[in-house]
Amino acid sequence: MGEQPIYTTRAHVFQIDPSTKKNWVPASKQAVTVSYFYDSTRNSYRIISVDGTKVIINSTIVANMMFTKTSQKFGQWADSRANTVFGLGFTSEQQLSKFAEKFQEVKEAAKMAREKSQDKMDIRSTRIDLNNDTFDFKDSGPASPESKQASSFNGTDDEKIFKVGPEMLLMKTELESEAEQSSSSRWEAEVQSLREKNSRLVQDLNESSNKMDVWKKQVSACKEESDALRQKIAELELQCQEAGQEQQRNAELSVRVQQLEAELRDKEQEVENLRKQAEIIPQLMAECDNITSKLQVTESRKVELESRMDVLHVDVEDSRQKQSGVKAELKKLTEVLDAKIEELHDFRHGLSRLGADN
């Protein structure tokens, strides 16, 4: 089947600056495709990303890798084989969480695959050690028929053969049964067959030894990589602490920026109100001029009215004096009239008496 994609997403790719080990360097100008690949032949997982024709991520996932979320939309992991740290910036927190979950799943799968491979190597190494304890194929060469026949009746040799495995035990059983039933010619043929099998086993053993040496070298290289990775993890933890402090400072700065933005909006509103008031000022000035002209006219009218009031006061005073004189004359006339009326009353009374006497 080869290598097949098992999960794909899009993100902005970054790599740590190799000189400072702190700053991020963009590996892509825009968001690119980032995919998990599974190789069924090697039972391995990789993260691959290609920008055009350039491969910007080619990271094989191992069990000791760690994916860290440094913010709501950014995550990173260290690759000791590539000797760098990869960073991914996503457009949403959900995409980051999904990528982190898939990273954990793939890491667990890689860990299980490694444990299975380790178990197979341990079993194979154990079988090789048992074969070396039972038969020294490199030193002694193929055994003779006489030694095989003698060892078949030896309890200790039987125990050694049993320890080798079911295949060798089956060979021993067949050898014993055919030794009792067959003739010497058939026995020689069987011995020849066993020699050929021993030769093949010696060849397999040599190949296993070579593979064991290669595996030991790989284990040593893995240990070195593990030590280097532990050191990088310590550095990354320190960087994460610094990043946390930087995030706290960024949060405080964000709050301050929001406060300044609110103050700026208030100032802009005040400026807008002042601008509106400035537009009304010419109208107010015109009205003020109009009121001033009216006030001047009113003041001149007031002066005129005051002068007329003075004249009227004089006229009123004259009228009062004349009225006082008229009242005095009327009083005199009234007194005279009252006297005349009294005289007429007496005259009438006299006439009445005169008429009564007549």
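The values are calculated or read from the model by the stated rules, or taken from the named source; none is laboratory data. Values in this document were obtained by computation on a predicted structure and should not be read as measured data. Here the Cβ is made from the backbone with ideal geometry for all residues, glycine too, and neighbour counts use every protein chain on show. Quick note on the areas: whole protein, heavy atoms, side chains included, nothing else; ligands and nucleic acids left out. Shrake-Rupley method; radii C 1.70, N 1.55, O 1.52, S 1.80 Å.
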Return yes when ALA82 is of a type in the set (A, V, I, L, M) and under 21 Å from GLU237 (Cβ atoms) and no when it is not. yes
Among residues of region 55-79, those that are polar (S, T, N, Q) and more than 19 Å from TRP24 (Cβ to Cβ), counted: 2
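A quick yes/no check of all residues on (1) closer than 14 Å to ILE47 by Cα; (2) among the aliphatic types (A, V, I, L, M); (3) touching a residue at least 24 places away in the same chain (Cβ under 8 Å):
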position: MET66; (1), (2), (3): yes, yes, yes
position: LYS69; (1), (2), (3): no, no, yes
position: PHE74; (1), (2), (3): no, no, no
position: TRP77; (1), (2), (3): yes, no, yes
position: PHE90; (1), (2), (3): no, no, yes
position: GLU93; (1), (2), (3): no, no, no
position: PHE99; (1), (2), (3): yes, no, yes
position: LYS102; (1), (2), (3): yes, no, yes
Filter result (under 52 Å from the mean Cα position of the chain (by Cα) and open to solvent by 100 Å² or more (accessible area, probe 1.4 Å)) within region 271-293: LEU274, ARG275, LYS276, GLN277, GLU279
Of the criteria (1) more than 26 Å from ALA78 (Cβ to Cβ); (2) surrounded by 13 or more Cβ atoms within 10 Å (Cβ to Cβ), which one LYS232 fails: (1)
Given the criterion part of a helix (DSSP H, G or I), closer than 30 Å to GLN72 by Cβ and not charged (D, E, K, R), identify the matching residue among VAL311, VAL255, VAL316. VAL255
